[in-house]
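Following this message is one structure expressed as structure tokens.
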Ligand SMILES: *Cc1c(COP(=O)(O)O)cnc(C)c1O
């Protein structure tokens, strides 16, 4: 088919595809969504009626006339109307005037699939409760694995595995849980004294294998069990289970292995606070989370190297090195390639650890780097249509995703899907066996289960129990309608990158135009689609005063539940730049550019710098239909508000 069909699409930047993707800021696609919802609600009803057509209706048609029925209906309507009215105070994520947090309009295929699925109420805890959507969830894992460059053919023994979670926080928690299981498992094999399996000599060696090696041990162990007699199998399974960290608990495990310390998690200082939560939840303790300094808001690989050297010297094991693809505050991309290279070097020296990429925000940017056949695009190919994206560093980082051990991606962020959809994907599904609650899950009767068969009881592996199958359906259908490559789903992130580049250019012009009024600085060029903007009233040298000013600006740009939304022209957000994160050189550079005195940087409201933060994910920021740029309108508005605030004094 394609060549002919595709030509006009390419010529229009996929604009007309995007036109059909969302309900739209004005509700332009309302009839489309309405038709879908009504059609599939009716379809659901027919399904009920055709289940056992011999069963008569249990609710009589006369019931609807009964006063109690009518009273109930009236109460329900009243409450629903009140809810609907109250919800009008919601944050207008759909509007191109909203450039605050990581939320926007919702993709119609996902929204419709979710609404369609809700009345069937599948529970993805297991196939018994979700015969259809559990399989879709496993497929979503493979779709995301392909986007990331992992092996995604279930026929291959080293195929990846992914599942959905309620969000990125829980996906990150799953990453910690799996990494710990994988790290401690060889120690259990060793302590149990399993015959025939070759292991390092001591506990330190076993605890510091590279994740790839530990994964192969899991497989060897299962093969060993498969050939053992039933009695031996039960015996050795019990022995190994007794030695596992999941069975003993951290205190007992580390008491039994005094040469081992509780491992550290190394994450950039820009990491999301879910890493702190995760270390607490897993019982590692917040003290085990070591935050690494960065350069230009990307983790400093030299500092990583030094930290790893120190860990090796002090016999301090490392659980995971976390790299962020699209930091929550700045949209920057860590040098994933550099972190992977460090993993290889240190594994060779006996300090094995996993690399996890927290791509909760930036994960779907990877679609821009994929051809339709799944291969990686060259940097030049990705770069066409953009001014600066992807920088060589960003390209190298994304190209290295396939070499990492696991990744978090949030479909409810740049996937434009409703909340309750995060995802965890690990490179090699064989590792996941360690999470199973059922020790002998591989054996079903006598036949080992195939890939899909294993994951039919998803609840064995995931942090949650009961889980929305409707959310899964939304993600699956979206990935089918918009496959995760540059020509399909990639249309959406491409637009956000173009918006961010336009926003960045406009911000630089704004800084020139407003030079006499405020000093305005983009503290570092954006890696992706978040752009930060630092402001200081002209002539002011005091950091605390600059922060107070930015806070007043933000008060005008944020949702205030006590005021009608329509009073707001635009919505933005704020974040901070912390000197301890920036390092001295960067801090001086940025404060100098703003005309701020470094000496005023301490205590009482001046220990960090407040800056405006803009998320450029709305698909309608540049309205070509009406020739409106909401980016220009935003800067016009900002200029007027800054002048007014300064005039008030
Ligand atoms: C949003 C985010 C998270 C947390 O995800 P939730 O879906 O809010 O739980 C974690 N890491 C990063 C980088 C994020 O941007």
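No lab work stands behind these numbers, since they all come straight from the coordinates. None of the values given here were measured: they were computed from a predicted structure. For neighbour counting, all protein chains shown are included, and Cβ atoms are generated from backbone atoms with ideal geometry for every residue, glycine included.
I'd like the distance between the alpha-carbon centres of the range 91-105 and the range 233-282, rounded to an integer number of Å.
40 Å
For the range 133-481, taking Cα atoms only, what is the radius of gyration to one decimal and the Dmax to the nearest whole Å?
19.7, 66
So, one more: Roughly speaking, what is the centre-to-centre gap between the range 314-349 and the range 569-588 when only Cα atoms are used, to the nearest Å?
23 Å
Take the alpha carbon gyration tensor of the range 346-404, find the square roots of its eigenvalues, order them as a ≥ b ≥ c, and report rounded if a/c is under 1.5; if not, report prolate when a/b exceeds b/c, else oblate.
Since a/c reaches 1.5 and a/b is larger than b/c, the shape of the range 346-404 is classed as prolate.
Express in nm, to one decimal, how much length is gained between residue 120 and residue 600 on full extension, taking 0.36 nm for each residue of separation and deducting their alpha carbon distance.
166.7 nm is the gain from fully extending residue 120 to residue 600.
Separate question: So for the range 309-448: antiparallel DSSP bridges make up what percent, rounded to the nearest 5?
Here the share of antiparallel DSSP bridges comes out near 45 percent.
State, to one decimal in nm, how far the label point of residue 552 lies from the label point of residue 28, with both points 7 Å from Cα in the Cβ direction.
3.9 nm
Could you give the nm distance between label points at residue 378 and residue 452, where each point is 7 Å from its Cα heading toward the beta carbon?
Once both label points are built, they end up 3.9 nm from each other.
Let me ask something additional. Taking 0.36 nm per residue of separation and subtracting the Cα-Cα distance, what length does fully extending residue 625 through residue 80 add?
Going from the current span to full extension adds 192.6 nm.
Hey, with R₀ at 45 Å, roughly what FRET efficiency would residue 589 and residue 255 work out to, going by the Cβ-Cβ distance, to 0.05?
E between residue 589 and residue 255, to the nearest 0.05, is 0.35.
Can you give the relative contact order of the chain as a percent, counting alpha carbon pairs under 8 Å and 6+ residues apart?
19 percent
Hey, any idea what the orientation-averaged projected area of the convex hull of the range 492-648's Cα atoms comes to, in nm²?
Its Cα hull, projected and averaged over all orientations, spans 10.2 nm².
Here is a follow-up. Assuming R0 = 51 Å, can you tell me the calculated FRET efficiency for the pair residue 280 and residue 61, based on Cβ-Cβ distance, to the nearest 0.05?
Here the calculated transfer efficiency is 0.35.
I would also like to ask the following. Could you give me the radius of gyration and the Dmax of the chain, taking only the C-alpha atoms into account and expressing both in angstrom?
Spelled out, the Cα radius of gyration and Dmax of the chain are 27.0, 85 Å.
Given a Förster radius of 30 Å and the C-beta distance between residue 287 and residue 315 as r, what FRET efficiency does 1/(1 + (r/R0)^6) yield to the nearest 0.05?
0.95
Any idea what the relative contact order of the range 1-149 is, in percent, if you count C-alpha pairs under 8 Å spaced at least 6 apart?
Relative contact order comes out at 28 percent.
In nm, give the distance between the simple-model label positions of residue 42 and residue 388, each being 7 Å from the Cα along the Cα-to-Cβ direction.
My value for the distance between the label points is 5.3 nm.
Per-residue ellipticity at 222 nm for the chain, helices alone: DSSP H runs ≥ 4 residues times -39500 (n - 2.57), over residue total, nearest 500 deg cm²/dmol?
Rounded to the nearest 500, the figure is -14000 deg cm²/dmol.
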